[in-house]
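Reading through the structure tokens given below for one structure.
The values are calculated or read from the model by the stated rules, or taken from the named source; none is laboratory data. Note that the coordinates shown come from a computational prediction; the quantities given were computed from them, not determined experimentally. No Cβ is skipped: glycine too gets one built from the backbone with ideal geometry, and neighbour counts run over all protein chains shown.
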Amino acid sequence: MSMSRIYDHKKLLSGYDTILFDLDGTLYNSDQFYRGAFEDMAIWLVQQGLQAEPDTWVDCVMGLKIAKGNEYKRLIDEALTLLDMDMGLKNRLLAIYKKHDCKYLCLDPDERGCLDYLHSCRKQMFIITNGSRQLQERKIKKLELHRYVKEIMILDPLTTVGLKPDPVSFDMLRNRHTTGKTIMVGDRFDIDGRFAQNAGIDFLGVGFHGN
């Protein structure tokens, strides 16, 4: 059973003064990023003579990701083991992942239409996302999200103390903006949903993946 997406709820969202959006899996399909990054890894493996053709690596890693979920921490380790490859390749593959240029990322027309509608209704929109600053900034630029949102808060695990679901980022946002009636929109009930609960605001669960 698939989750609904933001465009299914644009009338509901238009009833709020402020809308906080998660990024990955909420505003775009995360598989666009993963597939592109895994293809970059596969191309390098073929160039090094470690794989005969790129689909072997891409199919293996994408299959594991679907089976294990986006939060599985040993994805690369398990793929290397299954393909009988040297575990010493992991750091190089992770470096390629972090440098991926987001070539496949795009806003679906339905998501873009929803953001256009909410923008036309003069709603305050913000992005609050956990993740590597450099990587999240690259995604946001590729998706052209700056045109819609008033502020983007990237909570980098390397530099930020209060990652979601800690509500400290919402407290900081309220100190800079008059938020009024506010809702958090995200695909993770354990992170985005708990963030909303901790912040004392409403929550809407949406996403591109199975519920």
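Here are the numbers for this structure:
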| read-out | value |
| --- | --- |
| When residues of segment 171-186 are limited to those that are touching a Gly at 6+ places or on another chain (Cβ under 9 Å) and outside any strand (DSSP E or B), the one surrounded by the most Cβ atoms within 10 Å (Cβ to Cβ) | M172 |
| Any hit, segment 147-157, residues being modelled with pLDDT under 95 and either part of a helix (DSSP H, G or I) or at negative phi (or both) | yes |
| Selection count, segment 119-172, where residues are of a type in the set (S, T, Y) and under 12 Å from the mean Cα position of the chain (by Cα) | 2 |
| Of residues in segment 84-109 being assigned to a helix (DSSP H, G or I) and of a type outside the set (A, V, I, L, M, F, W, C), the one surrounded by the most Cβ atoms within 10 Å (Cβ to Cβ) | Y97 |
| Spans of helices (runs of 4 or more DSSP H) in segment 5-83 with at least 2 residues free of Cβ contacts under 8 Å to residues at least 24 places away in the same chain and either surrounded by 19 or more Cβ atoms within 10 Å (Cβ to Cβ) or more than 17 Å from the chain's Cα centre (by Cα) (or both) | 30-47, 55-68, 75-82 |
| Search result, residues across segment 116-141 that are polar (S, T, N, Q) and in contact with a helix residue (DSSP H, G or I) (Cβ under 9 Å, 6 or more places away or on another chain) | T129, N130, S132, Q134 |
| Single condition F189 does not satisfy, out of (1) without any contact (Cβ under 8 Å) to a residue 24 or more places away in the chain; (2) closer than 20 Å to I154 by Cβ | (2) |
